[in-house]
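Asks: Handing you this structure, nothing more for now.
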Amino acid sequence: MSCGGCNDKSEFPMTTLASEQTAKHPCYSKDAHTKYARMHLPVAPHCNISCNYCNRKFNCVNESRPGVTSEVLTPIDAKRKFDMVKEKIEHLSVVGIAGPGDALANWPETREAIERIKRANSDIVFCLSTNGLMLPEFAQEIVELAINHVTVTVNCVDPEIGAKIYKFINYRGQKLTGIEAAKTLLENQLKGIEYLIRHGVLVKINIVMIKGINDLHIPVVVQKVKDMGVFVTNIMPLIPAPGSVFESMSQTSMKEVNDMRSKCEQFLPQMRHCQQCRADAIGLLGQDRSHEFRFSAERKDKSSFYASEDKLKIAVTTKYGRIVDQHFGYADEFLIYEGSKGKFRLIETRKVEKYCHGMENCDGRESIRSHTVDMISDCDAVLTMRIGFQAQKRLLKHGIYSIEFCDSVENGLDYTYEQLEVEKTRKKKEAVL
């Protein structure tokens, strides 16, 4: 499995088990990335570790980096979106789950999304990316699902270095920090990787190159995973994310990254065509077409009220997350809840520009108002303390109902569900008449 000092840059070594799939996988084959398209399904919003270089934003359509997505999908909607994309993109060969959180921190959703697509699409290659914290727990299920390609981000094999990279981890109900957190993460990564390789899964290792922290340590990481039988390593530059601990650090240059790749190529083949894709990327590498397939833009008529298993998606305006106490026009973020009466759960937070800054500042803000509505266009309703009549009309044109309420978020969600059920009943009666 390992290449033992391989200097052959023409292709990555193949295993018999997955060579056919690998030939169609743009992240594992340097030849495939110009021929075959991939689709990332953003069904995994939650993460169980906090990396100092990460700030996961769900709403920035202009960013291209891991952890970013314009929407989070349920497994049911992921299948519907896959069907839509498959009709319009030729040579769609790979479905991957890479966040925007961690695939294994959201394992029920990850597994369900894969199972739903796999039932009718035996030709599709499935892969996932993970930080590896939960690999020992779910590695067997990954193998049983016939997921033959797994990417694990391993930034170091020294817990002291790891303590400088990871702010904390959440593991089995405990929040761990410092060396203890880094040691636990590393032990689980290596244990899970070893299991996957032993069972024929091709493992790619991502390494974020952070100057002054792990850059000199990277060859040690590559040698370690090479000895374990890892397929290929992908050394990536640090992209300082605004709002992260490392936001003021210098971005690693591509010259520095490529020099490191050349240095490590004596141990393992290096991936040199990585685009550090978004969690909702679609299309060929380097030609992301995700903006063409915003699920909200293609969503069915919302008069059916999100018929997928009677679940609703509701955007809430709230200052502190407990009370519905903010005017729609002044909200700079929406909390997005999904579920049914008594069973709602928070699935994400979406940052937006304020719809209005007061009467004196509302002129000339048409583009901002349109963008705000677009950011919640996959929702069935907005739950807010107050909302203007014109904003209500605009939302309703997009199938989004406005519910004014001033109580706890929990009670407001149930109230919204009841109101939409009443509206659904009314529409059914009108249809009969």
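Coordinate-derived values only; no laboratory data. Source: prediction; values computed, not measured. A quick note on method: Cβ atoms are made from the backbone with ideal geometry, for glycine too, and the neighbour counts reach across all protein chains shown.
Asks: Quick one: if the Förster radius is 51 Å, what FRET efficiency do residue 262 and residue 345 give, using the C-beta to C-beta distance and rounding to 0.05?
Replies: It comes out at approximately 0.60.
Asks: Further question on the same structure: Out of residues 5 or more away from residue 51 or on other chains, whose amide H comes under 5 Å of its own, with H placed 1.01 Å from N in the peptide plane?
Replies: Amide H to amide H, under 5 Å and 5 or more residues apart or across chains, residue 51 pairs with 167.
Asks: Please sort 404-411, 312-319 by packing, taking for each peptide the average over its residues of neighbouring beta carbons within 10 angstrom, highest first.
Replies: Descending packing order for the listed peptides: 312-319, 404-411.
Asks: Follow-up. What's the FRET efficiency of residue 323 with residue 397 using the Cβ-Cβ distance as r and R₀ = 35 Å, to the nearest 0.05?
Replies: E between residue 323 and residue 397, to the nearest 0.05, is 0.75.
Asks: Please give the length that would be gained between residue 389 and residue 140 if that part of the chain were fully extended, namely 0.36 nm times their separation in residues minus their C-alpha to C-alpha distance (nm, one decimal).
Replies: That works out to 84.2 nm of additional length.
Asks: Answer rounded, prolate or oblate for segment 140-261, using the Cα gyration tensor with square roots of eigenvalues a ≥ b ≥ c: rounded when a/c is under 1.5, else prolate when a/b is larger than b/c, else oblate.
Replies: Verdict is oblate for segment 140-261.
Asks: Moving on. Would you list 375, 249 from fewest to most Cβ contacts within 10 Å?
Replies: The order, fewest Cβ neighbours first, is 249, 375.
Asks: Show me 388-395, 198-205 ranked by packing, highest mean number of other Cβ atoms within 10 Å first.
Replies: 198-205, 388-395
Asks: As a footprinting exposure proxy, order 227, 123 by other Cβ within 10 Å, with the fewest listed first.
Replies: Exposure proxy ranking, most exposed first: 123, 227.
Asks: Okay, next question. Want the number for residue 160 to residue 194: 0.36 nm per residue separation, take away the alpha-carbon distance, what's left?
Replies: In short, 10.0 nm is gained.
Asks: Extending each Cα 7 Å along its Cβ direction at residue 411 and residue 180, get the distance between those two points in nm, one decimal.
Replies: Result: 4.0 nm between the two label points.
Asks: At a 10 angstrom cut-off on C-beta neighbours, averaged per residue, how do the peptides 171-184, 154-167, 322-335 rank from highest to lowest?
Replies: 154-167, 322-335, 171-184
Asks: For segment 144-161, just list the computed ³J(HN,Hα) in residue order, Karplus coefficients 6.51, -1.76 and 1.60, θ = phi - 60°, integers in Hz, with x standing in for Gly and Pro.
Replies: Per residue, the Karplus-derived 3J(HN,Hα) values read 5, 7, 6, 8, 8, 9, 9, 10, 10, 8, 10, 8, 6, 10, 10, x, 5, 6 Hz.
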